[in-house]
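Here the structure is laid out as structure tokens; the discussion comes afterwards.
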Amino acid sequence: MRIFLTLLAVVVVLVVAIAGFRGSLSRRTPIEVFPDMDRQLKLRPQTPNGFFANGRSSQMPVPGTIARSTPLQTAAGPVFPYEDAAVNTGRLPGKTNFVDLNPMTVDLRLLERGRERYTINCAPCHGALGDGNGITRKYGMAVIGNLHDKRMVQMPDGEIFNTLSYGKGLMQGYAGQIDVPDRWAVVAYVRALQLARLGTPEDVPASAQAALRK
């Protein structure tokens, strides 16, 4: 044990003598065991680089890139993606409260888009009718939300948007798969499913009630 401690002390003294204490100043070139990415391979703007075919380090955006300055058209007017607005967050600006109503203009076009996105991303679990009887239930996934439950019906539109964006419980978030306008389109379509299940004939416009009763 005495020999081990002696050797350990010698090693510590040698390391300190060669490498110095951490933070100490020296004119000698430092010994780098871990360079911490002090020197790294990277592209510097406006400099030649042989990695790309055109020899430039600065490249144009890939086709299909959406400019940051492109506003999203809402019922209240254009909103930019970086703004603290209800259409981007699902919440009242500067607050944690969810917005009650969909900020997008709800029309047939939005509902059609919502139906398409819902069928692709939501129907496998929640089912085509939103009752939680999707294909995944047949494979043992028993805990699936029924979108016609009272809690879901009374939930603000902004909270549904938030759940769709970031997930809840076993449900994953879909912010990476569904764009902001499409998420609001899905919210509008979910409301249409709920109205179709829970609505009454009086909810139908008077001009169409006669055709409904046939």
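Give the residue, chosen from 97, 102, that is touching a helix residue (DSSP H, G or I) at 6+ places or on another chain (Cβ under 7 Å), of a type in the set (S, T, N, Q) and surrounded by 10 or more Cβ atoms within 10 Å (Cβ to Cβ).
Details: 97 fails: touching a helix residue (DSSP H, G or I) at 6+ places or on another chain (Cβ under 7 Å).
Criteria check complete, one pass: 102.
Answer yes or no as to whether residue 22 is within 30 Å of residue 160 (Cβ to Cβ), part of a loop (DSSP other than H, G, I, E, B) and modelled with pLDDT under 85.
Values: within 30 Å of residue 160 (Cβ to Cβ): no; part of a loop (DSSP other than H, G, I, E, B): yes; modelled with pLDDT under 85: yes.
Answer is no for this residue.
For the range 174-214, how many residues meet the condition of being at pLDDT 95 or above and either among the acidic types (Asp, Glu) or over 35 Å from the mean Cα position of the chain (by Cα) (or both)?
The total comes to 1.
Which residue is surrounded by the most Cβ atoms within 10 Å (Cβ to Cβ), if the candidates are limited to the range 33-81 and must be aromatic (Phe, Trp, Tyr) and in contact with a Ser or Thr (Cβ under 9 Å, 6 or more places away or on another chain)? Explain how you work it out, then say what you get.
Looking only at the range 33-81, we keep the residues that are aromatic (Phe, Trp, Tyr), and these are 34, 51-52, 80.
Applying the additional criterion that residues be in contact with a Ser or Thr (Cβ under 9 Å, 6 or more places away or on another chain) yields 51, 80.
Values: 51: 10, 80: 12.
Across the range 33-81, the extreme among qualifying residues is 80.
Kindly establish whether residue 114 is at pLDDT 90 or above, buried (at least 17 other Cβ atoms within 10 Å of the Cβ), small (Gly, Ala, Ser) and over 18 Å from residue 182 (Cα atoms).
Values: at pLDDT 90 or above: yes; buried (at least 17 other Cβ atoms within 10 Å of the Cβ): yes; small (Gly, Ala, Ser): yes; over 18 Å from residue 182 (Cα atoms): no.
Judged against the criteria, residue 114 is not a match.
Quick grid of which residues meet (1) surrounded by 16 or more Cβ atoms within 10 Å (Cβ to Cβ); (2) not β-branched (Val, Ile, Thr):
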site	(1), (2)
140	no, yes
145	yes, yes
159	yes, yes
169	no, yes
176	no, yes
180	yes, no
184	yes, yes
199	no, yes
207	no, yes
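Pull up the range 159-174, narrow it to residues that are in a helix (DSSP H, G or I) and not hydroxyl-bearing (Ser, Thr, Tyr), then point me to the one that is farthest from residue 91 (Cα to Cα).
Taking the range 159-174 as the starting set, the residues that turn out to be in a helix (DSSP H, G or I) are 159-166.
So of that shortlist, the ones also not hydroxyl-bearing (Ser, Thr, Tyr) come out as 159-162, 164.
Values: 159: 8, 160: 11, 161: 9, 162: 9, 164: 14 Å.
Across the range 159-174, the extreme among qualifying residues is 164.
Would you mind finding the one in 56, 44, 39, 91 that is touching a strand residue (DSSP E or B) at 6+ places or on another chain (Cβ under 9 Å) and either more than 30 Å from residue 173 (Cβ to Cβ) or of a type in the set (Val, Ile, Thr) (or both)?
Values: 44 fails: touching a strand residue (DSSP E or B) at 6+ places or on another chain (Cβ under 9 Å); 39 fails: touching a strand residue (DSSP E or B) at 6+ places or on another chain (Cβ under 9 Å); 91 fails: either more than 30 Å from residue 173 (Cβ to Cβ) or of a type in the set (Val, Ile, Thr) (or both).
Being touching a strand residue (DSSP E or B) at 6+ places or on another chain (Cβ under 9 Å) and either more than 30 Å from residue 173 (Cβ to Cβ) or of a type in the set (Val, Ile, Thr) (or both) holds for just one of 56, 44, 39, 91, which is 56.
Within the range 130-137, does at least one residue satisfy the condition of being buried (at least 20 other Cβ atoms within 10 Å of the Cβ), closer than 22 Å to residue 77 by Cα, in contact (Cβ under 8 Å) with a residue 24 or more places away in the chain and in contact with a Lys or Arg (Cβ under 9 Å, 6 or more places away or on another chain)?
No; the residues of the range 130-137 include none that is buried (at least 20 other Cβ atoms within 10 Å of the Cβ), closer than 22 Å to residue 77 by Cα, in contact (Cβ under 8 Å) with a residue 24 or more places away in the chain and in contact with a Lys or Arg (Cβ under 9 Å, 6 or more places away or on another chain).
The values are calculated or read from the model by the stated rules, or taken from the named source; none is laboratory data. Everything numeric here is computed off the predicted structure, so don't read it as measured data. Note that each Cβ is placed from the backbone with ideal geometry, even for glycine, and that neighbours are counted across all protein chains shown.
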